[in-house]
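Right, one structure below, let's go through it.
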Amino acid sequence: VAVMAVLLALYIALVAQRAWLLLQSGDAVGIAMGVALVVLPAIAVWALGRELWFGFRAEQLARRLESEGGMPDEQVTVTPSGRIVREDADAAFPRYRADVEQSPEDWRAWYRLALAYDAARDRRRAREAVRRAIRLEAGERKG
């Protein structure tokens, strides 16, 4: 993440320099391109900030769940690269899905389901489940 953030910052600096030159050109096309070069990095900064915030909040939930002793405790086989063997992940998955069905408003159940999705290499659903856990935990803190 840090490498990507540094690369994005470098990209933004270079694009901002080009944008400034184009805006100062006085040419209508150059000015239009300069404006576009200002808008696109702004969108990139927003996207990076959103991803960093997601990672920060997900890590907070992981630490909280671990401190409460609520992290999954299944014994699973791990490959030499550190990944959970897919069959073990698939075998554990129904338990976490059932937990979410029984307690759909429990952020802890959603976070454990996200871990199960991630172990099964379904990153899209893992991220959705973490987002749901983040929303539910935020609501719990406010309520």
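The values are calculated or read from the model by the stated rules, or taken from the named source; none is laboratory data. Because the structure is predicted, anything quoted here is derived from the model rather than measured. Heads up, the Cβs are rebuilt from the backbone with ideal geometry, glycines too, and the neighbour counts pull from every protein chain shown. Note: areas computed on protein heavy atoms with side chains; ligands, DNA, RNA excluded. Shrake-Rupley method; radii C 1.70, N 1.55, O 1.52, S 1.80 Å.
Quick notes on this one:
- Pairs of Cα atoms nearer than 8 Å and 6+ residues apart set the relative contact order; for the chain it is 15 percent.
- Each Lys and Arg adds +1 at its Cβ and each Asp and Glu adds -1 at its Cβ; summed about the Cα centre, the stretch 49-143 shows a dipole of about 520 debye.
- Ranking 116, 58, 98 by how far each Cα lies toward the positive end of the dipole of the stretch 45-137 (charges on Cβ) leaves 58 at the top.
- DSSP H segments from the chain that extend 27 Å or more along their own axis, Cα-based, with Kyte-Doolittle mean of 1.0 or above: 2-23
- Multiplying the residue separation of residue 97 and residue 6 by 0.36 nm and removing their Cα-Cα distance gives an extension gain of 29.0 nm.
- Accessible carbon and sulfur surface of the stretch 1-132 relative to its total accessible area, %, 1.4 Å: 62 percent
- In the elastic network of the chain, a GNM with C-alpha springs shorter than 10 Å, the most mobile of 129, 58, 13 is 13.
- 1.4 Å probe accessible area per residue over the stretch 39-143, in Å²: 64 Å²
- Label selected from [x] 1.12; [y] 1.18; [z] 0.98, the criterion being Rg/Rh (Cα atoms, Kirkwood Rh) as computed here: [y]
- Charged-residue dipole, Cβ positions (Lys, Arg, Asp, Glu), the stretch 1-110 about Cα centre, Debye nearest 20: 540 debye
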